[in-house]
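Any read-out appearing in this document is the output of simple, stated calculations on the displayed coordinates, not a laboratory observation. Keep in mind it's a predicted model, so treat the numbers as computed, not measured. Reconstructed Cβ throughout: ideal geometry from the backbone, glycine too, with neighbour counts over all protein chains shown.
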Amino acid sequence: MRNWILILVSCLVTVIGAHAAVTGTGEIVLQEARFHLGDAPAGWSEPGFDDSSWQTMAIPEKWHGEGMYAQYRIRFQVPKGFVKKAPYRKIAIFDLAFIDDCDEAFLNGKPIGKSGRMPSDGGLPQSAWDKHRIYKVDARQLKEGENLLTVLVWNRRTRGGVYGGPFVIRMAQLEDLVSMTCSDDADATDCLITVSSDVRIRARVSIDGKEKRVCLRPRKPFKREIAYDGSAPAQVAVSVRDKRTGQSIHKDFAPKYCLTPSAPNEPRYNSPSVLGVRPGSPVYFRLPFSGLRPMLFKASGLPEGLALDGDSGVVSGSVEKAGEYTIEFEASNKAGTAKGTLLLKVGDTIALTPPMGWNSWNCWGLDISEEKVFASARALIESGLADYGYNYVNIDDAWQGSSRSDDGSLLPNDNIPDIVAIGDFLHQNGLRLGIYSSPGDLTCGGYLGSLGYEKMDADMWNSWGVDYLKYDLCGYRSILDTLPSVGKEEHKKPYLLMNGYLKSQPRDICYSLCQYGLQEVWTWGASAGANLWRTTGDITDTWESVLRIGFTLQRELWPYAGPGHWNDPDMLVVGKVGWGEGLRDSRLTADEQYSHVSLWALLAAPLIIGGDLSAVDKFTLNLLCNNEIIAIDQDPMGSQARCLLEKDSVQVWGRPLSEGSYAAGIFNMGDGTLDVNVKDILSESGYAEIGPLRDVWRQQDCPETVSIPSHGVLMVRF
Ligand code: GAL
């Protein structure tokens with residue numbers, strides 16, 4: 001609808017030459033503002049302020065400049081009857097599209113909405129660049145005739161301002177006023193449906209086929225619990241009809257369900273089966289045995305220099321002599337005993353399987369702290385995730401102090417003062433510590449980068465016990481901008497420089513390039529010393545994002561991944577995410593999350609969890625702790641899947657595995673359920689002589705025909 005409104009409006013605008021117009025549907029569209037870049041002049045948002053010297057700015061259009069404030073002033077006319085004739089007269093919607101990075105909006109001088117945290121608010125700035133600004137405003141604030149909308153914007157770096165559409169003002173409809181949610185994170189067997197409303201509405205609410213007359217009131221939501229089978233796809237239909245206006249809304253919820261069978265009580269060795277370390281580097285390896293605790297561990301075949309703590313299952317020490325060592329581990333608990341084999345390769349290559357662990361960015365954004373990182377580190381162990389091979393705890397942006405010391409060293413800021421303590425805790429538990437920086441002067445979050453201090457930073461990180469570096473281009477872009485021509489070599493240069501300093505450390509530092517796939521990084525990342533490289537921009541927790549980043553942009557990249565060097569389609573957007581702004585459950589449905597994790601496993605992608613682990617729920621744990629899915633990701637052959645078939649709404653991605661078998665994902669990209677004959681579709685995808693099929697999520701034999709829910713997947717091994 002937005003598109004045809006835009007067309008209509010642009011016609012209107014050309015005809016009457018104004019910058020605000022009312023469309024046929026009664027929406028007021030604002031496409032032009034008086035604009036001022038810099039700190040706000042006194043009284044700037046008052047109706048009487050003189051803005052005649054301000055420039056004119058189109059909406060949407062961005063400006064260039066760093067760390068800047070800007071102000072927008074827009075006068076617009078509210079036609080007679082705009083409020084009075086609306087079906088719901090109490091609330092007007094101000095849709096301010098998207099704004100880089102933060103904003104505060106005022107109507108006729110009074111605040112109506114705010115997103116993000118600007119420097120002037122105190123504390124750490126917090127961007128809200130990807131939040132759709134929908135401000136609900138008391139309609140009594142709108143006057144018939146002339147009104148004034150003013151918006152203060154703060155932009156962190158480079159291009160700032162409004163994007164994604166003009167400003168639109170309209171009266172609320174039922175869908176704006178009533179919200180329906182289904183919360184199911186505690187236990188995947190019943191979900192709580194909540195229907196709330198911003199205004200009083202006499203409604204008929206229908207949930208799962210049962211209708212009820214309800215009077216919805218602000219702050220008095222209507223709730224109903226629905227039980228469902230927590231181990232199979234379910235659907236709960238909810239609709240609300242307003243008797244008075246005749247408007248109705250409908251939503252189908254697909255509550256979360258758990259596919260991974262519970263882990264046995266007996267010990268079970270999960271992944272990885274191969275580990276690479278360099279001669280003399282400290283080894284931190286926590287045995288990935290799941291099962292009841294306490295557990296006792298034994299090892300045979302440990303090379304000289306390594307020791308196993310029999311109570312904690314942590315292997316530590318270092319091995320001087322290059323070579324391959326087959327180590328047999330044994331774990332026992334009150335339910336039984338099991339063995340596991342690890343091939344330790346002491347040589348030049350680390351990250352022989354894709355890195356697994358956690359990173360602070362998708363949950364905490366720039367709002368990190370020592371408590372938050374510690375909480376996730378502890379939860380990695382206590383939730384059992386570490387028993388499945390998740391072992392890196394990576395601190396992303398915003399750990400840096402505001403200036404370097406006199407000797408040039410960059411210490412952490414007060415929010416996270418003791419990174420060494422975090423590292424010590426991780427190492428004692430056989431886990432590893434990651435950090436973040438940029439080859440530029442500043443990081444993406446505006447913190448200090450490593451430009452000019454590369455050696456000093458690498459030495460410092462070594463002394464802190466850092467085992468992983470994510471090195472993010474951001475600030476270095478301004479250096480590239482000054483060069484006459486920019487190609488692969490220019491992009492590679494700063495990464496090679498840091499690589500030299502990392503490799504000269506007496507420890508293994510997994511090197512993660514982050515430059516969003518520019519200059520086909522997959523063709524040169526490995527020769528810059530990288531163990532993994534981001535292949536795309538940032539992921540977010542929507543199906544569109546997973547589609548683009550996973551299903552579209554990874555297609556041609558399979559030749560470039562392998563042991564020691566991986567394509568990185570960014571972190572897992574599962575669990576509680578939010579980039580620092582009020583954590584929420586990932587907006588991906590259960591089936592979308594199964595597809596997300598399945599595709600990443602097929603792609604041999606790093607499995608770095610983006611959600612807050614201290615708040616991990618049953619569904620997310622079940623999703624992340626499927627040992628057979630992880631074994632596909634961690635397969636020692638390291639062969640990345642290709643898209644083998646794309647037909648109607650099906651995509652089949654497959655990869656060979658080291659023991660002569662294959663893994664394939666049959667994805668339903670469509671909106672309805674898809675029934676497939678599994679063998680037929682696999683032979684159409686190019687597989688001949690398909691043996692017995694295993695359903696990897698359910699860990700059981702796969703029937704001949706299977707129903708795959710919308711955006712869901714069937715993962716098979718054969
Ligand atoms: C982005 C990067 C994110 C995160 C962020 C930190 O460029 O892609 O993953 O690290 O910077 O500011």
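Data overview
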| item | result |
| --- | --- |
| Alpha-carbon centroid distance for the pair region 533-549 / region 22-82, whole angstrom | 33 |
| Kirkwood-type radius of region 645-717, with distances r between different C-alpha atoms, in Å | 12.3 |
| Theoretical FRET efficiency, 1/(1+(r/R0)^6), r = Cβ-Cβ of Lys210 and Gln700, R0 35 Å, to 0.05 | 0.55 |
| Tilt relative to the chain, helix 454-464 - C-alpha long axis, 0 to 90 degrees, to 10 | 70 |
| Ranked Cys474, Cys363, Cys215, criterion: other C-beta atoms within 10 Å, fewest first | Cys215, Cys474, Cys363 |
| Scattering profile of region 292-442 at q = 0.08, 0.17, 0.20, 0.21 Å⁻¹ [log10 I(q)/I(0), Debye over alpha-carbon scatterers] | -0.30, -1.08, -1.28, -1.34 |
| Within the chain, helix-based [θ] at 222 nm, where runs of 4 or more DSSP H residues each add -39,500 (n - 2.57), nearest 500 | -4500 deg cm²/dmol |
| Helix 370-382 vs. the chain, principal-axis angle (Cα, 0 to 90°, nearest 10) | 50 |
| Gained length - Thr349 relative to Leu411, 0.36 nm times residue gap less alpha-carbon distance | 19.3 nm |
| Sorted by Cβ neighbour density within 10 Å, fewest at the top, the residues Cys514, Cys182 | Cys182, Cys514 |
| Cα gyration tensor shape for region 153-202, rounded if a/c is under 1.5, else prolate or oblate | oblate |
| Cα-based Kirkwood hydrodynamic radius, region 414-515, one decimal, Å | 14.3 |
| Separation in nanometres of the label points that stand 7 Å from Cα toward Cβ, at Asp50 and Asp190 | 6.8 |
| Whole-Hz ³J(HN,Hα) from phi, Karplus 6.51 cos²θ - 1.76 cosθ + 1.60, for region 266-282, glycine and proline x | 5, x, 9, 7, 9, 10, x, 9, 9, 9, x, 9, 8, x, x, 6, x |
| Linear extension gain, Ser661 paired with Ser248, 0.36 nm per residue minus alpha-carbon span | 143.5 nm |
| Percentage relative contact order, the chain, counting C-alpha pairs under 8 Å, at least six apart | 9 |
| Convex hull volume of region 2-172 per residue (C-alpha atoms, cubic angstrom) | 114 |
| Whole-Å distance, taken between Cα centres, linking region 608-638 and region 329-368 | 11 |
| Semi-axis lengths (Å, descending) of the ellipsoid that matches the C-alpha gyration tensor of region 176-253 | 24, 13, 9 |
| Point-to-point label distance, Ala237-Lys339, nm (Cα→Cβ direction, 7 Å offset) | 5.6 |
| Sorted by Cβ neighbour density within 10 Å, fewest at the top, the residues Glu704, Glu266 | Glu704, Glu266 |
| Gyration tensor verdict on region 356-638 (Cα atoms; rounded if a/c is under 1.5, prolate if a/b is larger than b/c, oblate otherwise) | oblate |
| Cα centroid separation - region 216-241 against region 447-501, whole Å | 50 |
| Cα→Cβ-extended label distance, 7 Å offset, between Glu490 and Asp671, nm | 4.5 |
| Under 11 Å, Cβ to Cβ, from Trp364 - net charge with Lys/Arg +1 and Asp/Glu -1 | -4 |
| Overall form of region 464-570 per C-alpha gyration tensor (a/c, 1.5; a/b vs b/c) | oblate |
| Length released on extending from Ala375 to Glu175, taking residue separation times 0.36 nm less the Cα-Cα span | 68.2 nm |
| FRET efficiency for Lys84 and Gln519, using Cβ-Cβ distance with R0 set to 51 Å, rounded to 0.05 | 0.30 |
| Segments 609-616, 254-261 sorted - mean Cβ within 10 Å per residue, highest first | 609-616, 254-261 |
| The chain - Kirkwood radius from inverse mean 1/r over Cα pairs (Å) | 27.9 |
